[in-house]
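Have a look at the structure below before the remarks.
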Amino acid sequence: MDCFTNVKGHPVHYVEYGEGKPVLNIHGYEVDYRMMSGCLEPVFEKKDGYRRIYVDLPGMGQTPPGELKSADDWLNLLDGFIDEVIGKEHFLLTGQSYGCYLQLGLIYKRGSQIDGCFFIAPCTIAKRAPRQLPVKQFIEQDKKFLDTLQENGKEDYLDWSVILNKKTWRIFERDMYCGMKLFDPEYLDFIAANGYELSMEKEFDDMVFEGPCCWVMARQDQFVGCKDQWRFLDHFPRSAYIVLDGCGHNMPIEKEDLFYLLVEDWLYRLEKLQPIEYFPDWKVLPAVERDAWKKRK
């Protein structure tokens, strides 16, 4: 279902599928909602009980820039979008690249309403210079196929990808390049130069979030890397951390089948596993309490 909602006078475009527990999905820079629906719907469309909400960020897809001038403005827009579309209901949250950066901002603002998160090639530091990044490299190239590509989209494909073949091109063209043709370059350049960093970024390192999560990074990701994200390990105690080798920033495209399994595992943990319940160290308890605690175990 193709939808618009109004957030304090600003129209926001989103696409919605299914019914049940809300799942808000936030794409990265220079693409649109299809980046997220393309890699998540093959899993979700086989499951009941999830209302998937794919939003277009300002200046991308069909959401206009309006008067928004910074990441803080974008975060406030998403916060208002949740009020309008989800309300007070608990929900799940997924993001890709810069969408994960905004995802962290939403955890900071309303983490008690979020039951679990999935992070895809997460950006966790706004400024590029402090990020720990590998050099750009290609892992696999089908040069005969590359020679058949026209210039339309080829440069972006080469920039974003590390596995170059007919399959990854087909998915890139379907889920990413379609959105790249719609974004507002002047507006996104302005945000990148003047308002890319959230004002609370330094507070991220102190956040604690205990919902089931999955962080998926790629060894050859030259945009956000795979090292900076590990600083959250102790503060996200129900998180799986995975670094995939042989793929880059587009790992949902380049490791498609493995990526689906990780989404499946995340949903399994959300549905089946119990919340964290901390127990004291039974060795330091009085004998009666120790025996009672051992019986509970």
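The values are calculated or read from the model by the stated rules, or taken from the named source; none is laboratory data. If you're wondering where the values come from, they're calculated on a predicted model, not measured in any experiment. Using ideal geometry, Cβ is built from the backbone for each residue, glycine included, and neighbour counts are taken over all protein chains shown.
Figures for the structure shown
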read-out: Where a residue in the range 100-111 is under 14 Å from Pro122 (Cα atoms) and its partner, wherever it lies, is of a type in the set (Gly, Ala, Ser) and assigned to a helix (DSSP H, G or I), with Cβ under 8 Å and at least six apart; value: Tyr101/Ala71; Leu102/Ala71; Gly105/Ala71
read-out: Considering residues of the range 6-27 that are in contact (Cβ under 8 Å) with a residue 60 or more places away in the chain and crowded, with 20+ Cβ neighbours inside 10 Å only, the residue farthest from Tyr187 (Cα to Cα); value: Pro22
read-out: Residue that is nearest to Gly116 (Cα to Cα) [pool: residues in the range 233-246 that are within 15 Å of the chain's Cα centre (by Cα) and either part of a helix (DSSP H, G or I) or of a type in the set (Gly, Ala, Ser) (or both)]; value: Ser239
read-out: For Gly9: the one exception among (1) of a type in the set (Gly, Ala, Ser); (2) over 22 Å from Phe119 (Cβ atoms); (3) modelled with pLDDT of 95 or more; value: (3)
read-out: Condition broken by Asp257, with the remaining ones in (1) within 16 Å of the chain's Cα centre (by Cα); (2) assigned to a helix (DSSP H, G or I) satisfied; value: (1)
read-out: The range 12-32, residues that are of a type in the set (Ser, Thr, Tyr), within 21 Å of Cys100 (Cβ to Cβ) and either over 15 Å from the mean Cα position of the chain (by Cα) or at pLDDT below 95 (or both); value: Tyr14
read-out: Strands (runs of 3 or more DSSP E) completely within the range 42-121 that count 1 or more residues being of a type in the set (Gly, Ala, Ser); value: 91-96, 114-120
read-out: Every residue from the range 133-148 that is surrounded by 12 or more Cβ atoms within 10 Å (Cβ to Cβ) and either hydroxyl-bearing (Ser, Thr, Tyr) or part of a loop (DSSP other than H, G, I, E, B) (or both); value: Leu133, Pro134, Lys136, Phe138, Ile139, Asp142
read-out: Residue in the range 28-40 that is in a helix (DSSP H, G or I), in contact (Cβ under 8 Å) with a residue 12 or more places away in the chain and among the polar types (S, T, N, Q) present; value: yes
read-out: Residues of the range 42-74 that turn out to be surrounded by fewer than 17 Cβ atoms within 10 Å (Cβ to Cβ), in contact with a strand residue (DSSP E or B) (Cβ under 7 Å, 6 or more places away or on another chain) and closer than 22 Å to Ile171 by Cα, as a count; value: 1
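Here is a yes/no grid of residues against (1) modelled with pLDDT of 95 or more; (2) surrounded by 16 or more Cβ atoms within 10 Å (Cβ to Cβ):
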site	(1), (2)
Glu151	no, no
Leu158	yes, no
Thr168	yes, yes
Asp175	yes, yes
Lys181	no, no
Tyr187	yes, yes
Ala192	yes, no
